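J.: Submitted below is the structure of interest, expressed as structure tokens.
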Amino acid sequence: MSYLERMRPTPGLRVLVTAGASGLGAAIAGAFCEAGAQVVICDLDQRALDLFAAAHPDVDVRCADVSDSADVDRLFAGLDGLDVLINNAGIAGPTGPIDTLQIDDIRRTLDVGVMGQFLTIRHAAPLLRASGAGAIINVSSVAGRLGYAMRTPYAAAKWGIVGLTASLAKEMGPDGIRVNAILPGPVRGPRMEGVIRDRAAAQGVTFEAMEAEYLSNISLRRMVGPEDVASLALFLCSAAGGNISGQAISVCGNVETL
Ligand code: NAD
């Protein structure tokens, strides 16, 4: 096999992407489709699922909230087998000093970000063992290696994912299952615009000033694109990535601080 062939996932790989109907999940799902994988996505937004399905008729789209165990039970009840689980779902959560945050908002951030990954992995584990070449990619964030003032629930969820990933890599490695986390930096797009808007409001500065502050903390002085994150996911599922496990890999232009 040539070096270039080693960098492509095997065609026919069975891949599940959570929160795959839009944003990073849609980019990751689209990249795996292009690589010839059999892709299933879930999302809680039926409208977004319909739009995604119209653009990708080969993808199996299913409505599920990853934080709801009954939804996740139903999602996996319809799966025959699985080679790759991509736990992408996560929400930004509330912004503000910790003593002003609502308990329900904190709980929801942890439920979607961390519990959602436990719920899917519990179901995926036997399928990935049966696969013989199973892999899990958990989407964390650079907030999962740097502290993030005013976004404590999000940062706690993303650090939790890194701990889950490191532990599972040890637990599942002997079964041939690789487990890695991807830590995106700020990604160009509507979600990041919302994050910057909320943070600007919390600190009483303009959107433009807050955006400039974000960029000044990134060594390359630019945000990443969804395609950067999707490319790493593909690489991790190729033969070239076959001996990478237990890692928390940033795709972020080197975010120095948050
Ligand atoms: P997004 O906010 O654009 O949402 C993508 C999709 O997630 C939407 O279709 C939404 O319906 C779905 N979703 C939300 N909650 C869900 C749930 N409980 N169950 C199923 N689907 C759900 O998200 P994004 O910006 O694409 O981020 C994807 C992942 O990447 C998240 O884990 C996020 O924390 C992480 N991340 C994003 C950025 C960024 O700048 N966008 C940076 C670092 C990490």
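The values are calculated or read from the model by the stated rules, or taken from the named source; none is laboratory data. Remember, it's a predicted structure, so these values are computed and weren't measured experimentally. In this analysis, Cβ positions are derived from the backbone assuming ideal geometry, glycine residues included, and neighbour counts consider all displayed protein chains. Only protein heavy atoms, including side chains, enter the accessible area calculation; ligands, DNA and RNA are left aside. Shrake-Rupley method; radii C 1.70, N 1.55, O 1.52, S 1.80 Å.
J.: Remind me, relative contact order of the stretch 124-258 in percent, using alpha carbon pairs under 8 angstrom and six or more residues apart?
T.: Rounded, it is 32 percent for the stretch 124-258.
J.: Given Cα pairs under 8 Å that are at least 6 residues apart, what percent is the relative contact order of the chain?
T.: For the chain, the relative contact order is 21 percent.
J.: Using +1 on the beta carbon of Lys and Arg, -1 on that of Asp and Glu, and nothing else charged, what's the dipole of the chain about the Cα centre, debye to 20?
T.: 560 debye
J.: With everything on Cα atoms, drop me the angle between helix 226-236 and the longest principal axis of the chain, reported from 0 to 90° to the nearest 10.
T.: 40 degrees
J.: Let me spell out the model: positive unit charges on the Cβ of Lys and Arg, negative unit charges on the Cβ of Asp and Glu, origin at the Cα centre of the stretch 66-110. What dipole size does that give, in debye rounded to 20?
T.: 100 debye
J.: Let me ask another. Output the Cα-based Rg and Dmax of the stretch 1-80 in Å, rounding Rg to one decimal and Dmax to a whole number.
T.: That works out to 13.4, 44 Å for Rg and Dmax.
J.: Take every DSSP beta bridge with both residues inside the chain and express the antiparallel ones as a percent of the total, to the nearest 5.
T.: Counting DSSP beta bridges with both partners in the chain, the antiparallel share is about 5 percent.
J.: Give, as a single signed number, the net charge of other residues whose beta carbon lies under 13 Å from the beta carbon of Ala200, with Lys and Arg counted +1 and Asp and Glu -1.
T.: -3
J.: Still on this model: So for the chain, taking the charge dipole from beta-carbon charges (+1 Lys/Arg, -1 Asp/Glu), which of Leu44, Val72, Asn254 sits furthest toward the positive end?
T.: Of Leu44, Val72, Asn254, it is Asn254.
J.: Can you tell me the alpha carbon radius of gyration of the chain divided by the globular rule-of-thumb value 2.2 N^0.38 Å?
T.: The reported ratio for this selection is 0.98.
J.: Can you give me the angle between helix 46-55 and the longest principal axis of the chain, using Cα atoms only, in degrees from 0 to 90, rounded to the nearest 10?
T.: For 46-55 against the chain, the angle is about 60 degrees.
J.: Note down the net charge around Asn88, summing +1 for each Lys or Arg and -1 for each Asp or Glu among other residues with Cβ under 15 Å from its Cβ.
T.: Within the 15 Å Cβ shell, the charges total -2.
J.: May I ask you to give the percent of accessible area on the stretch 135-191 that is carbon plus sulfur, with a probe radius of 1.4 Å? All intermediate terms of the calculation are to be shown ahead of the outcome.
T.: Details: 1260 of 1960 Å².
It is 64 percent, rounded to a whole number.
J.: Nearest 10 degrees, 0 to 90: what angle lies between the long axis of helix 116-131 and the longest principal axis of the chain (Cα atoms)?
T.: Roughly 20 degrees, rounded to the nearest 10.
J.: To the nearest 500 deg cm²/dmol, what mean residue ellipticity at 222 nm is calculated for the chain from DSSP H runs of n ≥ 4 alone, each contributing -39,500 (n - 2.57), summed and divided by the residues?
T.: So the calculated ellipticity at 222 nm is -13500 deg cm²/dmol.
J.: Just to be sure I understand the model, the point goes 7 Å from the Cα along the line to the Cβ. What's the resulting Ile103 to Thr10 distance in nm?
T.: 4.9 nm
J.: How much net charge surrounds Leu49 when only the other residues with a Cβ under 14 Å from the Cβ of Leu49 are counted, with Lys and Arg +1 and Asp and Glu -1?
T.: On the way: positive: Arg47, Arg62; negative: Asp43, Asp45, Asp50, Asp60, Asp65, Asp71.
That sum, taken over residues with Cβ under 14 Å, equals -4.
J.: Could you give the length gained by full extension between Glu256 and Arg74, i.e. 0.36 nm per residue of separation minus their alpha carbon distance, to one decimal place?
T.: Computed gain between Glu256 and Arg74 is 61.4 nm.
J.: Could you give the accessible area per residue of the stretch 29-68, probe 1.4 Å, as a whole number in Å²? Working shown, then result.
T.: On the way: 2010 Å² over 40 residues.
Result: 50 Å² of accessible area for each residue.
J.: Here's a follow-up. What distance in nm lies between label points placed 7 Å from Cα along the C-beta direction at Arg191 and Leu51?
T.: 1.4 nm
J.: Report the trypsin sites (Lys or Arg not before Pro) located in the stretch 159-234 that are in a DSSP loop and have at most 12 other Cβ atoms inside 10 Å of their Cβ, or state none.
T.: Details: sites: Lys170, Arg178, Arg188, Arg191, Arg197, Arg199, Arg221, Arg222; in loops: Arg188, Arg221, Arg222.
Hits after loop and neighbour filter: Arg221, Arg222.
J.: Ok, one more. Quantify, in whole percent, the carbon and sulfur part of the accessible surface of the stretch 11-105 (1.4 Å probe; protein heavy atoms only). Write down the numbers at each step before the final one.
T.: Numbers: 2130 of 4300 Å².
About 50 percent, which is the carbon plus sulfur part of the accessible surface.
J.: Something else: Within 10 Å of each candidate Cβ there may be at most 10 other Cβ atoms; applying that plus a DSSP loop requirement, which trypsin sites (Lys or Arg not before Pro) in the stretch 118-163 survive?
T.: none
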